[in-house]
1. Counting just the residues of region B:213-230 that are touching a residue at least 40 places away in the same chain (Cβ under 8 Å) and β-branched (V, I, T), which one comes out farthest from B:N203 (Cα to Cα)?
2. Hey, can you tell me all the residues within region A:182-210 that are at pLDDT below 95 and more than 22 Å from A:N171 (Cα to Cα)?
3. Look through region A:231-243, keep the residues that are free of Cβ contacts under 8 Å to residues at least 60 places away in the same chain and facing chain B (nearest Cβ under 7 Å), and return whichever of them is surrounded by the most Cβ atoms within 10 Å (Cβ to Cβ).
4. May I ask you to list the residues in region A:181-194 that are on the phi < 0 side of the Ramachandran plot and surrounded by fewer than 24 Cβ atoms within 10 Å (Cβ to Cβ)?
5. Would you confirm whether any residue within region B:78-88 is over 17 Å from the mean Cα position of the chain (by Cα), of a type in the set (G, A, S) and surrounded by fewer than 22 Cβ atoms within 10 Å (Cβ to Cβ)?
6. Has region B:255-268 got any residue that is within 22 Å of B:E27 (Cβ to Cβ) and either touching a strand residue (DSSP E or B) at 6+ places or on another chain (Cβ under 9 Å) or polar (S, T, N, Q) (or both)?
7. Does any residue of region B:89-97 turn out to be touching a Gly at 6+ places or on another chain (Cβ under 8 Å), more than 20 Å from B:E315 (Cα to Cα) and modelled with pLDDT of 95 or more?
There are 2 protein chains.
Amino acid sequence: MKIVVDAMGSDRHPQPDVEGAVQAAREYGVEIVLVGNRDVVEPELAKHNLSGINVSLVHASQIIEMKEHPAAAVKSKKDASMVVAMQMLKRGEVDAFVSAGNSGGVLASALFYLGRIQGVKRPALSSVFPTRKGPCFLLDLGANTDCKPEYLLQFAIMGSVYAERVLGIANPRVAIVSNGEEEGKGNMLVQETYPLLKASGLNFIGNAEGKDIPAGFADVIVTDGFTGNVIVKLTEGVAGFLLDIIKEEIKSRPLATVGALLAKGAFDQVKKRLDYREYGGGPLLGVDGIVIVAHGRSDSLAIKNAIRVAKQAVERGMLHAIRNDIAQSLSRFAEE
Amino acid sequence: MKIVVDAMGSDRHPQPDVEGAVQAAREYGVEIVLVGNRDVVEPELAKHNLSGINVSLVHASQIIEMKEHPAAAVKSKKDASMVVAMQMLKRGEVDAFVSAGNSGGVLASALFYLGRIQGVKRPALSSVFPTRKGPCFLLDLGANTDCKPEYLLQFAIMGSVYAERVLGIANPRVAIVSNGEEEGKGNMLVQETYPLLKASGLNFIGNAEGKDIPAGFADVIVTDGFTGNVIVKLTEGVAGFLLDIIKEEIKSRPLATVGALLAKGAFDQVKKRLDYREYGGGPLLGVDGIVIVAHGRSDSLAIKNAIRVAKQAVERGMLHAIRNDIAQSLSRFAEE
């Protein structure tokens with residue numbers, strides 16, 4: 001299996017991207033193609049022992065920066081690392097693509113070069129979200145700020161396929177984010193999507209309120225990209241705020257400092273349980289290729305794990321399964 | 001000053017509602033009228049020493065339950081505690097109303113009996129949100145699941161008035177929830193509201209991402225009621241989840257238990273800093289009367305503090321200020 005990695009993706013590129021790729025090549029036995037500016041990537045690669053693993057470099061002179069307008073940048077920068085990598089995926093030279101770069105840029109270049117899976121209206125950004133009962137798969141996280149009910153139905157189908165096939169969750173419970181538990185609660189979009197989800201043949205269990213998400217209420221939770229983006233960033237913000245004020249309060253007490261030292265192992269374990277890096281990255285679902293989007297703040301562990309996610313998606317036939325289930329859904333709703 | 005309190009509001013009514021009212025009467029020197037079923041409220045009142053304070057009871061035979069459809073319940077239950085109380089406020093017999101009951105019911109009865117302040121398109125539910133830099137005022141929290149740009153502009157005006165007048169924040173910074181920092185980011189609603197806020201004369205500082213909210217980025221944050229509801233409930237859920245797993249991890253380590261004992265004071269202080277009860281309740285802004293909505297889970301401390309909020313809103317001329325600022329805004333945008 002051959003996976004192409006954007007060497008210029010993460011905020012601190014190319015160090016984490018290259019290191020994570022080298023580690024993944026060794027640990028998972030995958031072949032890695034790094035794409036990026038050889039002037040900075042080659043010296044980074046030279047720091048690693050590459051014997052016995054297959055890591056190569058394809059030069060790309062440009063970068064799409066985090067602050068650039070994605071669609072415009074993808075059009076104008078034909079030699080950007082993510083554009084070059086996406087074209088390799090399109091030509092079938094690699095099996096999957098991993099990038100921690102500008103997610104809008106990855107989305108725009110995937111739409112431009114790969115296109116959508118037949119029948120898919122809109123692709124969705126996704127991620128695994130830690131909950132009290134284990135991982136929950138959340139989408140869309142920002143690819144589509146304004147959605148139609150049909151898009152959310154398709155996000156639910158794709159999310160369910162991913163949870164079952166790649167995450168290994170049998171008959172995943174699917175919910176939709178709403179502002180109340182009962183059927184009938186929600187904005188117009190949610191109220192119109194609800195009956196589609198009920199009739200979808202998915203294991204739809206209803207509305208998830210904000211408090212239900214970290215409680216592990218469902219395995220797959222769908223929402224529009226605006227709300228999904230707010231959910232993910234708010235969760236990061238609240239967790240960071242809470243851990244900070246706990247530390248602050250502990251530091252302000254002499255005896256509690258001793259306590260904090262003793263409790264350190266527990267805190268470290270909590271951080272590990274909440275660590276987005278364990279999941280590495282989330283698939284860009286609905287485009288005609290396996291594309292994994294990692295966090296801009298990724299370190300080498302996150303990049304390595306994102307490559308593991310890509311490998312699993314390839315091995316477990318994610319694309320084929322989505323293609324099938326979307327086609328089935330289209331014929332189901334066409335018949336009615 | 002005379003404040004009417006829904007004795008049948010909170011989940012564990014009438015105990016917290018009555019106790020909080022009695023405490024408020026003593027601590028803040030306000031006159032309290034409790035409204036509720038005399039068969040349960042009288043025995044509860046009898047547990048307290050009422051000498052030197054002014055607490056009376058008005059009988060109301062019905063209750064609007066948490067699970068009832070608000071508008072239908074308000075129409076059919078003419079003798080519900082919140083309906084009777086709202087009518088007293090309308091008739092000017094009291095200065096403000098506090099309820100921890102069904103917030104949709106409070107909204108429906110306020111709209112039906114008080115009506116809106118002239119020029120206000122939609123009332124908004126609001127609350128103070130704890131942040132790294134002190135309180136932030138967030139609205140709408142669920143009164144309007146689908147909003148127009150004009151509504152959000154008015155929420156910003158009312159929120160700004162409240163923050164300045166009642167919370168005492170000079171020239172409050174106003175932001176709008178979005179899925180990106182830059183102008184131009186957001187769903188259609190946010191993109192259309194942005195220029196209105198820029199032209200509003202408010203101290204508008206731009207988009208607030210999810211992570212910015214607990215960071216204390218702004219003093220007033222506006223959003224539609226769907227997103228606002230998700231934000232408040234998700235924050236509760238994430239904070240609860242995090243504190244639970246910290247406790248879990250600490251308990252699973254023998255030495256850390258000692259640590260936890262030593263750190264207990266710090267944890268208690270953290271909880272206090274995050275405690276919604278400190279703020280008591282948030283005003284229902286835009287209706288023609290001072291109505292404070294408290295959390296259904298309120299205990300007597302939360303009820304007492306909600307009554308303090310009501311008192312401050314009366315003393316500081318909240319209604320008059322909102323009336324003025326809404327009228328000014330209408331003429332400003334009409335002139336252009």
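1. B:T227
2. Across region A:182-210, the qualifying residues are A:E182, A:G184, A:K185.
3. A:V238
4. A:E181, A:E182, A:E183, A:K185, A:N187, A:M188, A:L189, A:Q191, A:E192, A:Y194
5. Checked region B:78-88: no residue is over 17 Å from the mean Cα position of the chain (by Cα), of a type in the set (G, A, S) and surrounded by fewer than 22 Cβ atoms within 10 Å (Cβ to Cβ).
6. no
7. no
Yes/no per residue for (1) among the hydrophobic types (A, V, I, L, M, F, W, C); (2) farther than 30 Å from A:V18 by Cβ:
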| residue | (1), (2) |
| --- | --- |
| A:G105 | no, no |
| A:Y113 | no, no |
| A:S126 | no, no |
| A:L138 | yes, no |
| A:A163 | yes, yes |
| A:V174 | yes, yes |
| A:E181 | no, yes |
| A:K198 | no, yes |
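The values are calculated or read from the model by the stated rules, or taken from the named source; none is laboratory data. This one's a predicted model, so the numbers in the text were calculated from it and none came from an experiment. Here the Cβ is made from the backbone with ideal geometry for all residues, glycine too, and neighbour counts use every protein chain on show.
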